[in-house]
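The values are calculated or read from the model by the stated rules, or taken from the named source; none is laboratory data. These numbers were taken from a predicted model, which means no experiment stands behind them. Here the Cβ positions follow ideal geometry from the backbone for every residue, glycine too, while neighbour counts run over all protein chains shown. Note: areas computed on protein heavy atoms with side chains; ligands, DNA, RNA excluded. Shrake-Rupley method; radii C 1.70, N 1.55, O 1.52, S 1.80 Å.
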Amino acid sequence: MNSTSVEVALGLGGTIRLGTSAVAVSDLMVVFEAITRTGSVQGFADALGLSYRAAWARLQVYETALGRPLVHKTRGHGTALTPFGASLAEAFDAAAAGLEAGLGRETRAVERRLRELLTGRTGVLTLAASHDPLLVDVLAEVGGVELTVTGSRAAVERLLEGGVDAAGFHCGARGPAAAGPPFSSIDPAAGLALYPLFEREQGLLLAPGNPHGIRSLNDLTVEGVRYVNRQKGSGTRDWFDRMLAEADLPSSAIHGYAVEEFTHQAVAAVIACGAADAGLGARAAAERLGLDFLPVGWETYYLAASRSLAASGIDELVAAARARAGGLSGYCPVASEAK
């Protein structure tokens, strides 16, 4: 079987129960959509492949169960939903819209799982992730992952919206639950699994030899010191902004605060070539380009994905990242299982 032929469609389901009567929500949604679109019972009949008489009979079953008419005929204008039917249809539409992102995410996960079961192949895993040198190296080794480098917030938002299979992110010294939206939305109750990949050391990347003698955030405000920042929405940028707030330092006091780069490696490169003197980033980026490094703390880097996603690809990636973290300066393996 060609892997591209596997398609899954998930939608709003469940039942409405009134006393001893029950009606499937999906059935009612077919009624509402067909009547609204075609303005006729025949449209509903065509949607289900029924005769006109059978469609009317089914409508009457639904109306009897709900105790209210769902449609009414108007001379010269065909069939329309009653105020009761229109209001119920609106409620279903609103519910479906609210569930759209989650359904999209779970659809991707089920398709991937079904493809693996039927063909033995899972296809490419799409990952939106905050940049990390270790992660980039691991992905090159593991293969089968399509990486989009973005900020931590954007990565998590894309996962929650169903745009990618998994998200890689960090939120400073705080855990996701304490970091607020969108990170706090990664919850088992929402069908998501959280994998701590590794801990990494963050700090100020400094020009070789630290010619300005930078020892604290206050030193970044000294005349002549040029800073290079990470982009808005990145976990590293959020951490730097929190440190400035805690030190009661306005961003306007940092020369170069508005200069942005999108990866740890890019920040390190700007400093290495002499275009800046300092920037917040991972120790690994500093060591790769021979920069000085002033530690500010450790944080956990996470991977999040749907619990229904085929586990094989995720497990391989998690295991490889944790194994590599054990042998690199500036990293520490995390042995926790998915939460």
- Query: residue 217 fails exactly one of the following numbered conditions: (1) in contact with a Ser or Thr (Cβ under 7 Å, 6 or more places away or on another chain); (2) of a type in the set (A, V, I, L, M, F, W, C); (3) more than 22 Å from residue 331 (Cβ to Cβ). What is the number of that condition?
  - Reply: (1)
- Condition set in contact with a helix residue (DSSP H, G or I) (Cβ under 8 Å, 6 or more places away or on another chain) and of a type outside the set (S, T, N, Q), scope the range 174-186, selection most open to solvent (accessible area, probe 1.4 Å): answer is 177
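Could you identify the single residue in 327, 256 that is closer than 21 Å to residue 210 by Cα and not in a helix (DSSP H, G or I)?
Residue meeting the stated conditions: 256.
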- When residue 22 is run through (1) within 30 Å of residue 318 (Cα to Cα); (2) not in a helix (DSSP H, G or I), the failure sits at (1)
- Subset of the range 187-208 that is in a loop (DSSP other than H, G, I, E, B) and within 26 Å of residue 328 (Cβ to Cβ) - its residue that is most open to solvent (accessible area, probe 1.4 Å): 208
- Note on the structure: Flagged in the range 25-58 as outside any helix (DSSP H, G or I) and either in contact (Cβ under 8 Å) with a residue 60 or more places away in the chain or within 20 Å of residue 74 (Cα to Cα) (or both), in numbering order, are 39, 40
- Out of (1) of a type in the set (A, V, I, L, M, F, W, C); (2) touching a Phe, Trp or Tyr at 6+ places or on another chain (Cβ under 9 Å); (3) modelled with pLDDT of 90 or more, the odd one out for residue 291 is which? (2)
- So residue 234, is it at pLDDT below 95 and small (Gly, Ala, Ser): yes
- Task: Can you tell me which residue within the range 161-173, out of those that are among the small types (Gly, Ala, Ser) and within 22 Å of residue 104 (Cα to Cα), is most open to solvent (accessible area, probe 1.4 Å)?
- Result: 163
- Task: Go through the range 286-301 and give me each residue that's open to solvent by 20 Å² or more (accessible area, probe 1.4 Å) and under 12 Å from residue 195 (Cα atoms).
- Result: 300
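For (1) assigned to a helix (DSSP H, G or I); (2) free of Cβ contacts under 8 Å to residues at least 40 places away in the same chain; (3) touching a helix residue (DSSP H, G or I) at 6+ places or on another chain (Cβ under 9 Å); (4) crowded, with 19+ Cβ neighbours inside 10 Å, each residue gets a yes or a no:
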residue: 80; (1), (2), (3), (4): no, no, yes, no
residue: 94; (1), (2), (3), (4): yes, yes, no, no
residue: 99; (1), (2), (3), (4): yes, no, no, no
residue: 109; (1), (2), (3), (4): yes, no, no, yes
residue: 118; (1), (2), (3), (4): yes, no, yes, no
residue: 123; (1), (2), (3), (4): no, no, yes, no
residue: 156; (1), (2), (3), (4): yes, no, yes, yes
residue: 159; (1), (2), (3), (4): yes, no, yes, yes
- For residue 24, are the conditions met, namely being out of contact with any helix residue (DSSP H, G or I) (no Cβ under 8 Å at 6 or more places or on another chain) and surrounded by 13 or more Cβ atoms within 10 Å (Cβ to Cβ)? yes
- Item | Qualifying positions in the range 237-258 - open to solvent by less than 40 Å² (accessible area, probe 1.4 Å) and within 20 Å of residue 154 (Cβ to Cβ) | 237, 238, 239, 240
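Taking the range 127-142 only, how many residues are open to solvent by 40 Å² or more (accessible area, probe 1.4 Å) and either within 21 Å of the chain's Cα centre (by Cα) or under 19 Å from residue 154 (Cα atoms) (or both)?
Matching residues across the range 127-142 total 1.
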- What number of residues in the range 302-324 are open to solvent by less than 20 Å² (accessible area, probe 1.4 Å) and part of a helix (DSSP H, G or I)? 4
